[in-house]
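Here is the structure we will look at.
The values are calculated or read from the model by the stated rules, or taken from the named source; none is laboratory data. Since the structure is predicted, the reported quantities are computational estimates derived from the model, not experimental observations. Glycine gets a Cβ as well: all are built from the backbone with ideal geometry, and neighbour counts include every protein chain shown.
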Amino acid sequence: MATALWELAGVEDDRLFSPYCWRIRMALLHKGLAFESLPWRFTDQAALSFSGQGRVPVLVDGSRCVHDSWDIAVYLDEHYNGRPALFECSQARSLALFVKHWCETQVHPATLRVIIGDLFDAVHPRDKAYFRQTREQRLGERLETLSQQSHSALPLFRASLDPVRPVLVAQDFLGGKGPSFADYILFGPFQWARAVSPTRLLDPDDPIYAWRERMLDRFGGAARQMRGYPVWA
């Protein structure tokens, strides 16, 4: 059986916006592994029954099925240890774990508040009721109110990135001279936003802007070529 990656999609099958799925898409490219992309929506729970749970990303690799982005990355490095490493050493893996928790608790919530109105427009029609119910319950406000506040949420998003700016002034990637899984974790929310929203997240003189350009150019510009808005919009 070929390698397949189940990924969260919007109205179009190739509008892929999950930051967790983007981590693994970039990880597979990093490893040089060919894979089939299988679009999935929030309400397609039955489609993932084989995995024993109901969230993406899900990787099917031959007879193996792995879910959860962190577990997939660990699996890829252990199973394909003759290919470029996502974690160069145990210290790099520990750093990536820190970046994971920081992004999920700080960067992801800040990103959501900036793009939520555009994100609602981009989700598949059959997902809209689910998306509204779950996000309004999580955030405590109606989507329309959150969308009206999106412009004021942008400075908070940019401030959430303060910890990595000095790092990306000193070196090209969080991984040093080349990207590691920590870079792919941070890249996820940027691709999440770019897939659904024309909002300009960064100014061109921001060192994170230059890092994002380098990430978009990796692997022959694979991420840049995916459906989404220009980063300068």
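When V66 is tested against the conditions (1) in contact with an Asp or Glu (Cβ under 8 Å, 6 or more places away or on another chain); (2) assigned to a strand (DSSP E or B); (3) not aromatic (F, W, Y), the lone failure is (1). The selection criterion, being in contact with a Gly (Cβ under 8 Å, 6 or more places away or on another chain), farther than 23 Å from Q191 by Cα and surrounded by fewer than 18 Cβ atoms within 10 Å (Cβ to Cβ), does not hold for Q91. Remark: G140 falls outside the filter, which requires a residue to be over 21 Å from the mean Cα position of the chain (by Cα), surrounded by fewer than 20 Cβ atoms within 10 Å (Cβ to Cβ), at positive phi and not assigned by TED's automatic domain parsing to the domain that holds P198. Of everything in segment 180-233 that is over 29 Å from Q91 (Cα atoms) and among the β-branched types (V, I, T), the residue that is surrounded by the most Cβ atoms within 10 Å (Cβ to Cβ) is V196. In the set (1) more than 17 Å from the chain's Cα centre (by Cα); (2) under 19 Å from M26 (Cα atoms); (3) assigned to a helix (DSSP H, G or I), the condition left unmet by G178 is number (3).
Please go through segment 187-216 and give me each residue that is assigned to a loop (DSSP other than H, G, I, E, B) and either touching a residue at least 60 places away in the same chain (Cβ under 8 Å) or of a type in the set (G, A, S) (or both), ordered by number. Selection gives S197, P198, T199, L201. Only one entry in L95, L154 is touching a Lys or Arg at 6+ places or on another chain (Cβ under 9 Å), in the same structural domain as L186 (by TED's automatic domain parsing) and over 23 Å from G54 (Cβ atoms), namely L154.
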